[in-house]
Amino acid sequence: MKNTQATLVLIKPDGLKKSLTGNILARLSETKLEIIAAKVVRVSKELAEQHYYHLKDKPFFPELIKYLQGELHDRKKVLALVYGGEDAINKVRQLAGATNPEEADPTSIRGSYGRITTKGLYENVIHASTNESEAEREIKLWFLPEEIIVDLYHAKIKTQDQCTHRVWA
Ligand code: UDP
Ligand code: MG
């Protein structure tokens, strides 16, 4: 039986600074999964903290938040993508490699391009969701329903008084 899944990928600021975007996307295309959403995001402190909320009690949390916000690499953005297809979560995690770049398979993305800083932070160039519930939580955190080209999760129409937004002039 087919197990169609969606997973969030972030090319983190070190990946952007090291000019690895093309290489990482080429590696990800080996999975034959489909890109169903993509955008460049300026990461607020709130977004970074919500993304990594499960690590909030770790000693490296403040540094990790700065890392995701791009403050360690002078690149205040990440490239956020949603990949969809059969077994998407495990396929991307396999290709990404272990969290610790020293322990990651040397041919994986993190094994090839990651490093551990002198402060002990794992700069591992890519984020990949770990399981279906985390993938759903993360995709909903980073993307609006209209930014994803398929209907992944239930959505609703929200009308708000005095709602303003920018349009092209
Ligand atoms: N991280 C770190 N030191 C650790 C564990 C995690 O610097 O001991 C960083 C690393 O950048 C990692 C991120 O925190 O990618 C999120 O950690 P998580 O345990 O969720 O690992 P992942 O799901 O990214 O493999
Ligand atoms: Mg994780």
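Roughly what % of Cα-Cα distances in the range 96-146 sit above 17 Å, to the whole percent? Within the range 96-146, distances greater than 17 Å cover 47 percent of Cα pairs.
Between E134 and K32, the modelled labels are 2.6 nm apart [label points 7 Å from Cα along Cα→Cβ].
Enter the accessible area of S29 (Å², nearest 10), with the probe set to 1.4 Å and all protein chains included. The accessible area of S29 comes to roughly 70 Å². 3J(HN,Hα) along the range 83-95: 9, x, x, 5, 6, 4, 5, 5, 4, 6, 4, 4, 5 Hz, from the Karplus curve 6.51 cos²θ - 1.76 cosθ + 1.60 with θ = phi - 60°, whole Hz, x for Gly and Pro. Taking Cβ atoms as reference points and 10 Å as the exclusive limit, the residues near N3 contribute a net charge of -2, counting Lys and Arg as +1 and Asp and Glu as -1. The phi torsions of the range 5-10, fed into the Karplus equation with coefficients 6.51, -1.76 and 1.60 and a -60° offset, translate into couplings of 9, 10, 9, 8, 10, 10 Hz, rounded to whole numbers, with Gly and Pro shown as x.
Solvent-accessible area per residue in the chain equals 62 Å², computed with a 1.4 angstrom probe and all protein chains kept. Counted over the range 60-99 with a bin width of 5 Å, the fraction of Cα pairs per bin, in whole percents, is 6, 19, 17, 17, 21, 15, 6, 1. Taken over the alpha carbons of the range 36-169 as equal point scatterers, the Debye sum produces base-10 log I(q)/I(0) values at 0.09 Å⁻¹ of -0.32. Per-residue surface analysis assigns E46 an accessible area of about 110 Å², computed on protein heavy atoms at 1.4 Å probe radius. Across K66, K32, K158, the residue with the most accessible area heads the list, and the full order at a 1.4 Å probe is K32, K158, K66.
Among residues other than R75 whose Cβ falls under 11 Å from its Cβ, what is the net charge (Lys/Arg +1, Asp/Glu -1)? Taking every other residue near R75 into account, the sum is +3.
Evaluated with a Cβ-only charge set (Lys, Arg +1; Asp, Glu -1), the chain carries a dipole of roughly 480 debye about its Cα centre, given to the nearest 20. Expressed as a whole percent, the accessible surface of the range 24-169 that belongs to carbon and sulfur atoms is 50, based on a 1.4 Å probe. Taking Lys and Arg as +1 and Asp and Glu as -1, the other residues whose beta-carbon sits under 13 Å from that of F61 total +2.
The values are calculated or read from the model by the stated rules, or taken from the named source; none is laboratory data. Only a predicted model underlies this, so the values are computations on that prediction, with no experimental measurement involved. When we count neighbours, we look across all protein chains shown, and the Cβ atoms used for this are built from the backbone with ideal geometry, even at glycine. Quick note on the areas: whole protein, heavy atoms, side chains included, nothing else; ligands and nucleic acids left out. Shrake-Rupley method; radii C 1.70, N 1.55, O 1.52, S 1.80 Å.
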